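See structure below.
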Amino acid sequence: MTGSICVLAEQWRGHMSEVTYETLALGREVADQLGIPLTAILTGSNARELARTLGAADSVLYVDHPLLAEPVPQPCAQALAQVMADRRPRALLVPLTNVSLGVSTLLSIRLGVAAVNFCKDLTVVDGQLRALCVMYGGKIEVTVEAGGEPAILGIWPGARPADKGRASRPASTIEQITVALEEPRVRLKKYIDPEAGDVDLSRQDVLVAVGRGIQSRDNLGLVEELAKTLGGAVAGSRPVIDQGWLPLSRQVGKSGLTVRPKLYIALGISGAPEHVEGMKDSGLIVAVNSDPRAPIFNIAHYGIVADVVETLPSLTAAIGAKRSVSHHA
Amino acid sequence: MHILVLLKMVPDVVEELEIAPGGKALDLEYLRMILSESDDHALEEALVLKERHDARITVLALDAPEVDDALFTALAKGADRAIKIVGMDAGLSTRQAARVFSQTIAHEPGILPVDLILTGVQAIDDLDGLIAPLVADDMGLPYLGIITRLDLDAPKHLALAVKEYPGAVRGEFEVNLPAVLGMQAAEKPPRYVPVAKVRATMKSRTVDCLPVPTLADGGWPAVQVVEMRRNEPAGHAEMLEGAPTQVSERLCGILAEHGLL
Ligand SMILES: Cc1cc2nc3c(=O)[nH]c(=O)nc-3n(C[C@H](O)[C@H](O)[C@H](O)COP(=O)(O)OP(=O)(O)OC[C@H]3O[C@@H](n4cnc5c(N)ncnc54)[C@H](O)[C@@H]3O)c2cc1C
C-alpha cells in the first residue's frame, strides 16, 4: 500500500454507502494518473462480505472489530491510524457524510498531517495531488495542496457517478488487519428511523422547495399554492425545518432526503453543498433568489433573480392559467 | 455543572465576497463577520441546559471583527462569563485555533473543571478540519458531532445525545463526560435578544481578554492554498429577466416545453 491512493469505504447499518463507490471512482482516476495502486480500507464488524464489493480497488484492507460495527469517529480514526501507520499511502479519501464526519480530522491529528475538508474534485498537476474545495456555503472555490503525506482528503458526495466505482468482481487481494481499540466513551444506544410523513418526497414528480429566503412562516401559504397548482409537494432546506415551519420528513439534503423529481423549484435557497447533494440530480431545476451570486444558480437550469415573496403570486397565477387552458384544450 | 461554548466568527456570505490581491484569501476589508450559525445553536443548547441543570456557562472566542458583539450578546442571553483570546495573527487555521482554545482551557485559572464543551458542528471556512474533534483530541476527551438533541445525566457523568444520519435517520448516543460535542441544531431556534439589552450588557458586564498562549509546536502541516476564486462555473443557469409577469410567462413556456404543465 506504500505510495497508493486509499479510499475509506464507508459502510453503515450493514450496507456499503453509495458514496463509497463514488469516491472509489474518483480514487481510481487519481491513482491511474499517478500510476499507483488504489486501496480500499473498510472498518466494521463482519466486514468480510462487504469487502468483496470493493473490486474497483486493486486491494482491500479490512478491519473486523465489534467496536467498529457502528461508525463512531474516534474508534474508527484509531483503527485507520493503525492500518495506515506503517503503510504510508499518498492519500486517503474520506467521504464527507454524516456517517463519517469527524473521522478525517481525527485521523489527520493522529498521523501528524493536514486534513483537507470540502473537496469536490482532485487533479494531478506535475505529479502533485491538488484538491478543488468548495467553501463559504458554496460561494468560493479554492485549489489547495495538502501539507505532507498521506494527504487526508474529505470528499463531498457526488464527486463521480457511483456506477463508475462498482465492479463485478472482488479485488484481487483482500486482507484482514487486526487493531487494538480503547474502550469506547461514545456508545450508540439505538437508531431512530424517521416517521413516515404525510407525503413521500422521493416519490414526487414536482417539488417546490423553500429556504430561509422565504423569511416567515406566514409566506408558506404562497408556496403551498404554487405546489398545489403544479400538482407537487412542498420541501424545505434545513433552516426551514429547524425553525419548525416544515416537518423533518420534508427536509432535502445531507441529513434529509435525496430526491430526483422531474421538476425542483428552489425558492430562497442559497445552494449550500449540503442541500445540493440531496437534489442535484433532479430533472429540471429552477431557482428564485434575490442574490445573483447565490450558488444555487450554478446547478439550476433556469434562474430568476427576484424576491421570492413578490414572485410567487404571479408565478402561481401564470401556471394556474396555463394549466387550466391546457386542461380544457 | 460547567459548560464551555467555543464561538467563531465567519464571513456573512449574504454579502459580496471579494478575493484579496494575491488570489489566495478573502479580502478582509469587504467582509462583514457574523457568529457561525451552528455556534449560535451550540450557545442556545448551553442556555437550555443551564435552565434545566443549573449550569454555569463560559463562552470563549478568538479575537475577530464583531466578536465583542457576539460575546456581549452571549452574556445578555445568559452566559456567565465571556473570554476573548487576543494577540494572535489573523487567519489562524482551524487546527491552530483548536490548539489555542485547548491550551487556554488547560492553563487559564478558573476555566477547568469543565463538564461539557459545545461548539458548532462545522463552520463554512473549516478548510483544514473541524474544531470539535480537534479540541477533543487535544484534551483527550470523547467527541461526537451533528448533534440535534442533548440532555445530561449529571450524577452518572453522561450526556445523552442525538446525532443526525443521512435520510432523516437519527442515532441516540451515550457519551462519557466531560466531552466535546459539535452541535448541528439546538432543540429550539436560537433565542433573540433585543439590541437594547445587548447595549445595556456592554455597560454593565465585561469580556475578559486573555493573551494567546504560546503554542509548543507551531510547525503543523498546513493546507497550502494555490488559488482562491469565486465559484462561477461555466454551467451557470440561464437567467430569466424582466418584470414578474414576463418572467412567470417565460417560465411557464419552459415548463410546458418540458411537459411539466
Ligand atoms: C452536517 C450538515 C448537514 C446538513 N444537512 C443539510 C440538509 O440535509 N439540508 C439542507 O438544506 N441543509 C443542510 N445543512 C445546512 C447547509 O449547510 C446550509 O446551511 C443550508 O442548506 C442553508 O439553507 P438555505 O439555503 O435555506 O439558507 P441560506 O443559506 O441562509 O440561504 C438563504 C437564501 O435566500 C436568499 N434570499 C433571502 N431573502 C430572499 C428573498 N426575499 N427572495 C429570494 N431569495 C432570498 C438569500 O440570497 C440566500 O441565498 C447541513 C449542514 C451540515 C454541517
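General observations
- Distant-in-sequence amide contacts of B:Gly129, defined by a placed amide H-H separation under 5 Å and a gap of 5 or more residues or a different chain, comprise A:Asn117.
- Coupling constants for the range A:160-171 follow from the phi torsions by the Karplus curve (6.51 cos²θ - 1.76 cosθ + 1.60, θ = phi - 60°), and in residue order they are 9, x, 4, 4, 6, x, 9, 9, 7, 10, x, 4 Hz; glycine and proline get x.
- Karplus-derived 3J(HN,Hα), 6.51/-1.76/1.60, for each residue of the range A:196-213, Hz, glycine and proline x: 4, x, 5, 10, 9, 4, 5, 9, 8, 7, 10, 10, 10, 9, 10, x, 4, x
- Inter-centroid distance (Cα atoms) of the range A:104-121 relative to the range A:246-315, Å: 30
- Largest-first principal axis extents of the Cα set of the range A:5-178 (Å): 41, 32, 30
- Solvent-accessible heavy-atom area per residue, rounded to whole Å², over the range A:60-203 at 1.4 Å: 40
- Across the range B:194-208, computed HN-Hα scalar couplings (Karplus, 6.51 cos²θ - 1.76 cosθ + 1.60, θ = phi - 60°) run x, 4, 4, 6, 5, 4, 5, 5, 4, 7, 9, 10, 10, 9, 6 Hz from first to last residue, x flagging Gly and Pro.
- Whole-Å semi-axes of chain A's equivalent ellipsoid (Cα gyration tensor): 41, 21, 18
- Interface residues of the range A:127-154, defined as those losing at least 30 Å² of solvent-accessible heavy-atom surface relative to the isolated chain (probe radius 1.4 Å), are listed as A:Met135, A:Tyr136, A:Lys139, A:Ile140, A:Glu141, A:Val142, A:Thr143, A:Val144, A:Glu145, A:Gly147.
- Antiparallel DSSP beta bridges within the range A:61-176, percent to nearest 5: 50
- Whole-Å semi-axes of the ellipsoid equivalent to the range A:201-328 (Cα gyration tensor, √5λ, descending): 21, 16, 15
- At most 12 other Cβ within 10 Å, DSSP loop - GluC sites (Glu not before Pro), the range B:194-261: B:Glu241
- The convex hull built on the alpha-carbon positions of the range A:107-220 has an orientation-averaged projected area of 14.3 nm².
- Shielding by other protein chains, A:280-287, mean Cβ within 10 Å: 2
- Only Lys, Arg (+1) and Asp, Glu (-1) charged, at Cβ; the protein assembly as shown dipole about Cα centre in debye: 800
- Mean separation of Cα contacts under 8 Å, 6 or more apart, over the residue count of the range B:2-211: relative contact order %: 25
- The range B:8-133 - Kirkwood radius from inverse mean 1/r over Cα pairs (Å): 15.6
- Here chain A exposes an accessible surface that is 48 percent carbon and sulfur, computed with a 1.4 Å probe and the other protein chains kept in place.
- Reducing the range A:183-220 and the range B:14-89 to their Cα centroids gives an inter-centroid distance of 28 Å.
- For the range A:276-329, the C-alpha radius of gyration divided by 2.2 N^0.38 Å, with N the number of residues, is 1.36.
- Loop-located GluC sites (Glu not before Pro) in the range B:13-105, at most 16 other Cβ atoms within 10 Å (DSSP): B:Glu15, B:Glu16, B:Glu18, B:Glu66
- Taking all protein chains as they are arranged and a probe of 1.4 Å, the heavy atoms of A:Cys76 leave approximately 10 Å² accessible to solvent.
- Magnitude of the charge dipole, chain A, Cβ model with Lys/Arg +1 and Asp/Glu -1, debye to 20: 220
- Bridges between two residues of the protein assembly as shown, per DSSP, are antiparallel at a rate of about 35%.
- Span per principal axis, largest first, for the Cα atoms of the range A:1-65 (Å): 33, 22, 14
- Taking the DSSP beta bridges with both ends in chain B, the antiparallel portion is around 40 percent.
- Kirkwood Rh in Å, taken over all unlike Cα pairs in the protein assembly as shown: 24.9
- The mean sequence separation of alpha-carbon pairs under 8 Å and at least six residues apart, normalised by the residue count of the range A:5-178, gives a relative contact order of 32 percent.
- Put a plus charge on the Cβ of each Lys and Arg, a minus charge on the Cβ of each Asp and Glu, and nothing anywhere else: the dipole of the range B:2-211 about its Cα centre is then about 680 debye.
- Inter-chain neighbour count for A:308-316: the average number of beta-carbon atoms from partner chains within 10 Å of each residue's beta-carbon is 3.
- Ordering of A:283-290, A:217-224 by packing [mean C-beta count within 10 Å, highest first]: A:283-290, A:217-224
- Surface accessible to a 1.4 Å probe, per residue, for the residues of the range B:2-211, Å²: 39
- Extent along principal axes [Cα atoms of the range B:2-211; Å; largest to smallest]: 53, 43, 33
- Dipole of chain A, positive direction: furthest Cα of A:Trp156, A:Gly232, A:Ser270, with charges on the beta-carbon: A:Gly232
- Amide H contacts for B:Gly145 (H built 1.01 Å from N in the peptide plane; partners 5 or more residues away or on another chain; cut-off under 5 Å): B:Gly182.
- The residue among A:Pro66, B:Ala97, B:Ser36 whose Cα reaches farthest toward the positive pole of the charge dipole of the protein assembly as shown, with charges on the beta-carbon of Lys, Arg, Asp and Glu, is A:Pro66.
- The B-A contact accounts for roughly 7500 square angstrom of buried accessible surface, both chains included, probe 1.4 angstrom.
- Sulfur and carbon atoms: percent of accessible area, the range B:2-211 [1.4 Å]: 53
- Where the range A:230-329 is the region considered: accessible area per residue in Å², 1.4 Å probe: 35
- Degrees, to the nearest 10: B:67-77 long Cα axis against longest axis of chain B: 70
- Shielding of B:188-195 by partner chains, average beta-carbon count, 10 Å: 1
The values are calculated or read from the model by the stated rules, or taken from the named source; none is laboratory data. The model shown is predicted, which means the values in this text are computed figures rather than measured ones. Because the Cβ atoms are built from the backbone with ideal geometry, glycine has one as well, and the counts that use them run over all protein chains shown. Areas reflect the complete protein model, heavy atoms only, side chains present, ligands, DNA and RNA absent. Shrake-Rupley method; radii C 1.70, N 1.55, O 1.52, S 1.80 Å.
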